[in-house]
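Taking it in order: structure first as structure tokens, then the write-up.
The values are calculated or read from the model by the stated rules, or taken from the named source; none is laboratory data. Everything numeric in this text was worked out from a predicted model, so none of it was measured. Using ideal geometry, Cβ is built from the backbone for each residue, glycine included, and neighbour counts are taken over all protein chains shown.
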Amino acid sequence: MDETQIPKIFREYLWRVVIDKFPNLLAVLAFVSLLSSFISYKGKQWTFPTQQPNWFFVGLTALLFLLTVIVFFKSRIIKKLKDKTKIEFSQVSLIIRIGNLQDADINGEDTAFVLPVNTTFTDECITDTKSVLGSFFNKHHSSKILNFNTQLQEILAENHISPLSSGRYELSTIIILPDKYSIPAKLILVASTEKCTGKGFYTTPSTIDNCVHNVFQETADKRIANLCFPIIGSGHGGMGKTEALNLLVLCIKFYAKQFNHVKNVFIFIREIDSKEINASFLNSLKQ
């Protein structure tokens with residue numbers, strides 16, 4: 001991602017943090033105002049509590065409390081993630097869908113599904129129905145699961161993609177699976193996480209950025225107009241769901257300007273995960 005974009009992204013994120021914490025600030029000010037209404041200073045002596053409140057501070061407390069309630073409930077509305085939220089980036093429409101990627105009703109030869117894997121490309125994720133890859137294959141290619149890891153090694157070799165000396169593949173490596181795996185939409189595997197001793201699986205913002213770039217780049221000459229993503233990095237990668245979603249959206253926004261073949265990008269978020277996401281920053285991009 002262009003480094004000139006970083007200050008703008010930081011300012012937008014900082015502004016959303018301020019707005020997010022504003023109800024808390026109002027509540028603190030209301031409490032201070034309430035205490036102040038029972039404090040007096042006369043003849044170089046402080047008195048607390050006074051027999052009679054200072055009605056100015058009582059009125060100020062009531063006003064701040066009312067503002068706290070209004071801002072709190074308004075911020076709750078801003079934070080809520082809504083299905084089919086649509087954001088326009090250059091010539092690309094980004095649509096948030098609440099649901100499972102494997103159940104997507106978007107399909108066709110001009111569509112591709114992005115499935116995250118780790119840098120081994122071959123592990124138990126293919127049989128883990130809690131993972132994006134496992135749940136997708138369990139629905140669409142259950143008969144191919146048993147031999148998939150072996151076949152995947154052959155596919156990688158045929159595409160001249162070789163592992164590093166560690167036996168793992170480079171982070172952000174992607175492979176478009178052969179047509180026999182198409183549904184008819186194409187399937188793209190992207191190495192978005194890496195296993196590290198003492199850390200387990202992890203990812204970084206730069207890795208996610210490279211993954212998105214590589215997906216756009218590799219599909220540029222494949223007549224792919226629609227891309228379907230899960231949230232990358234929030235599962236085994238260890239990133240928070242809100243942070244991972246915001247990062248993915250910003251990367252898509254940036255690369256949508258660099259490539260002109262993609263027309264629609266769909267991000268699928270499981271319903272259970274959608275309840276944990278603060279969508280205030282995402283909603284600000286619609287303005």
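Every test in (1) buried (at least 16 other Cβ atoms within 10 Å of the Cβ); (2) assigned to a helix (DSSP H, G or I); (3) touching a residue at least 12 places away in the same chain (Cβ under 8 Å) is passed by GLU243 save one, and that test is (3). Quick check: is even one residue across region 179-199 surrounded by fewer than 21 Cβ atoms within 10 Å (Cβ to Cβ), closer than 25 Å to ASN107 by Cα and without any contact (Cβ under 8 Å) to a residue 40 or more places away in the chain? Taking every residue of region 179-199 in turn, at least one turns out to be surrounded by fewer than 21 Cβ atoms within 10 Å (Cβ to Cβ), closer than 25 Å to ASN107 by Cα and without any contact (Cβ under 8 Å) to a residue 40 or more places away in the chain. Just give me the residues in region 126-149 being in contact (Cβ under 8 Å) with a residue 12 or more places away in the chain and either polar (S, T, N, Q) or more than 14 Å from LEU187 (Cβ to Cβ) (or both), in sequence order. Result: THR127, SER131, SER135, ASN138, ASN149. Residues in region 38-72 that are of a type in the set (S, T, N, Q) and closer than 25 Å to LYS21 by Cβ: 2 in all. Only a single item in (1) more than 22 Å from the chain's Cα centre (by Cα); (2) surrounded by fewer than 19 Cβ atoms within 10 Å (Cβ to Cβ); (3) in the same structural domain as LYS186 (by TED's automatic domain parsing) is not met by LYS130, and it is number (1).
Summed over region 88-127, residues that are at pLDDT below 90, closer than 20 Å to TYR255 by Cα and crowded, with 16+ Cβ neighbours inside 10 Å total 1. For region 162-174, a tally of residues being under 13 Å from THR120 (Cβ atoms) and surrounded by 13 or more Cβ atoms within 10 Å (Cβ to Cβ) returns 6. Of the residues making up region 88-113, just one is part of a loop (DSSP other than H, G, I, E, B) and without any contact (Cβ under 8 Å) to a residue 40 or more places away in the chain, namely ASP105.
Of all the numbered requirements in (1) out of contact with any strand residue (DSSP E or B) (no Cβ under 9 Å at 6 or more places or on another chain); (2) at pLDDT 95 or above; (3) farther than 24 Å from LEU245 by Cβ, LEU177 misses one, and that requirement is (1). The condition (being under 19 Å from LEU247 (Cα atoms), assigned by TED's automatic domain parsing to the domain that holds SER93 and assigned to a loop (DSSP other than H, G, I, E, B)) is satisfied by just one residue among SER192, SER172, SER206, SER166: SER172.
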